[in-house]
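The values are calculated or read from the model by the stated rules, or taken from the named source; none is laboratory data. Because the structure is a prediction, the values reported are computed rather than measured. Using ideal geometry, Cβ is built from the backbone for each residue, glycine included, and neighbour counts are taken over all protein chains shown. Ligands, DNA and RNA are excluded from the accessible area calculation, which covers all protein heavy atoms including side chains. Shrake-Rupley method; radii C 1.70, N 1.55, O 1.52, S 1.80 Å.
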Amino acid sequence: MVTNASILQAFLDAGPEVHLSGESLAEKLGVSRVAVHARIKKLEQSGIHFQATPRKGYQLVDEPEKLHQDLLSAYISQDKVNLESVEVLPSTDSTNLEVERRLANNAPTPFAVLAHQQTQGRGRLGRAWQSSHAGNLYMSVGFRPETSTTAIAPFSLWAGVHIANVLRTLLDIPLQVKWPNDLHVEGKKVAGILCEAKLELDRVQTLVFGFGLNVNQDAASFPEGLRTPANSLKTILGKPAPIHSVTTSVLKAVLRAYEDCQLPEAGMALKNAFGLVDALNNKAVEVQSGTQTMSGVANGIDENGNLLVVTEETTVAVSAGDVTLKPL
Ligand code: BTN
């Protein structure tokens with residue numbers, strides 16, 4: 001039987017700009033041309049656009065600006081992303097909560113849940129995460145590390161660094177990581193990470209990696225009065241961002257971060273990799289950590305992922321907190 005995913009897979013395998021005739025698709029998939037045409041029509045109705053050119057065949061054009069389950073599955077299988085499952089939901093309270101529920105129900109790990117919208121999107125430090133635009137990325141990945149908190153602690157920093165690097169390469173934009181977990185482009189936030197873990201003694205039983213990225217929302221439509229100025233990939237690029245390859249690259253980066261953070265010598269490697277994408281380096285900052293506020297100049301991270309802040313008296317290693325940039 002021909003499926004949406006197998007048709008899309010055939011187009012991705014053929015490469016960009018390539019035309020595939022109904023006949024060649026039918027032959028490749030071992031079905032009739034009628035079955036191929038019917039499937040292409042169904043895909044068209046679900047938001048995927050094909051251009052049909054006489055004597056050449058179909059071409060996959062204009063990827064939808066919001067995630068399409070079958071197209072994402074095709075990208076993921078083409079890129080051999082090692083996930084047990086990937087599901088795009090029309091709506092959920094929070095993908096982090098949904099992943100937590102699936103982990104509690106013994107879902108095989110690692111797996112990813114994405115949503116077109118969240119009704120209770122959560123940010124760091126108990127803040128809300130605006131999640132009503134289907135063109136953005138709201139995703140979470142579930143893991144069962146069964147390892148110590150110390151071993152897994154640098155995971156989210158690694159993920160930020162790897163995501164910044166893959167998206168820099170894919171989109172040619174100067175993404176940076178603002179310690180600990182924000183992705184910035186030229187001082188404006190485009191993404192945030194929220195990692196949540198369930199512990200038993202010192203073992204991390206379950207880990208949820210949550211990631212929100214402003215992809216195809218026009219920055220002009222962001223709510224007013226955001227704490228940090230925000231931007232989106234679409235506004236930065238001046239055209240819609242390819243959300244399916246962006247998502248696939250992000251998922252691969254997250255899985256790589258999960259492995260890298262557990263390697264020997266990971267601390268030194270993280271310190272160096274972070275230095276190349278550090279949005280705060282040499283900037284005057286104010287750090288709010290618990291009830292304490294401190295001012296100084298950011299000077300990278302140490303091997304444990306702590307932010308180093310040079311104050312008038314000394315250098316302080318900050319393990320958690322909220323950092324704001326201060327005008328010099
Ligand atoms: C932050 O910068 O405060 C972190 C934001 C994390 C938002 C993502 S969106 C997908 C996942 N589900 C949530 O409820 N939050 C994270």
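Structural remarks
- FRET efficiency, residue 62 to residue 292 (Cβ-Cβ, R0 35 Å, nearest 0.05): 0.10
- Between residue 5 and residue 256, full extension at 0.36 nm per residue minus the direct alpha carbon distance yields a gain of 87.8 nm.
- Spacing of the two label points (7 Å from each Cα toward its C-beta) at residue 312 and residue 227, in nm: 2.8 nm
- Paramagnetic label reach from residue 203 (point 7 Å along Cα→Cβ; backbone nitrogen cut-off under 17 Å): within the range 121-147, residues 143-147.
- The range 284-325 - Debye-derived log10 I(q)/I(0), Cα point model, q = 0.34 Å⁻¹: -1.34
- Stokes-Einstein D (µm²/s) once Rh is taken as the Kirkwood radius of the range 1-61 over alpha-carbon pairs, at 25 °C in 0.890 mPa s: 217 µm²/s
- By accessible area, using a 1.4 Å probe on protein heavy atoms only, the range 88-195 has 48% of its surface on carbon and sulfur.
- Radius of gyration (Cα atoms) of the range 41-127, expressed as a multiple of 2.2 N^0.38 Å: 1.39.
- For a straight C-alpha distance cut-off of 27 angstrom, the lysines reachable from residue 178 (same-chain residues fewer than eight places away being disregarded) are 66, 188, 189, 198, 234, 239, 252, 271, 283, 326.
- The orientation-averaged projected area of the convex hull spanned by the Cα atoms of the chain comes to 18.7 nm².
- For the range 219-328, dividing the convex hull volume of the Cα atoms by the residue count gives 151 Å³ per residue.
- Of the complete DSSP H runs in the chain, those spanning 15 angstrom or more by Cα along the long axis with a mean Kyte-Doolittle score not below 1.0 are 155-171.
- Other residues lying with their Cβ under 13 Å from the Cβ of residue 197 contribute a combined charge of -2, Lys and Arg counting +1, Asp and Glu -1.
- Solvent-accessible surface of the chain, taken per residue with a 1.4 Å probe and all protein chains present: 49 Å².
- Estimated purely from DSSP H runs of n ≥ 4, each contributing -39500 (n - 2.57), the mean residue ellipticity at 222 nm for the chain is -9500 deg cm²/dmol once divided by its residues.
- If R0 equals 45 Å, the separation of the Cβ atoms of residue 124 and residue 55 corresponds to a calculated FRET efficiency of about 0.20.
- Sum of side-chain charges, residue 174 neighbourhood, beta-carbon under 12 Å (Lys, Arg +1; Asp, Glu -1): 0
- Cut-off 13 Å between beta-carbons: net charge of the residues surrounding residue 113, Lys and Arg +1, Asp and Glu -1: -3
- With the simple spin-label model, which puts each label point 7 Å out from Cα in the Cβ direction, the residue 37 to residue 91 separation comes to 3.8 nm.
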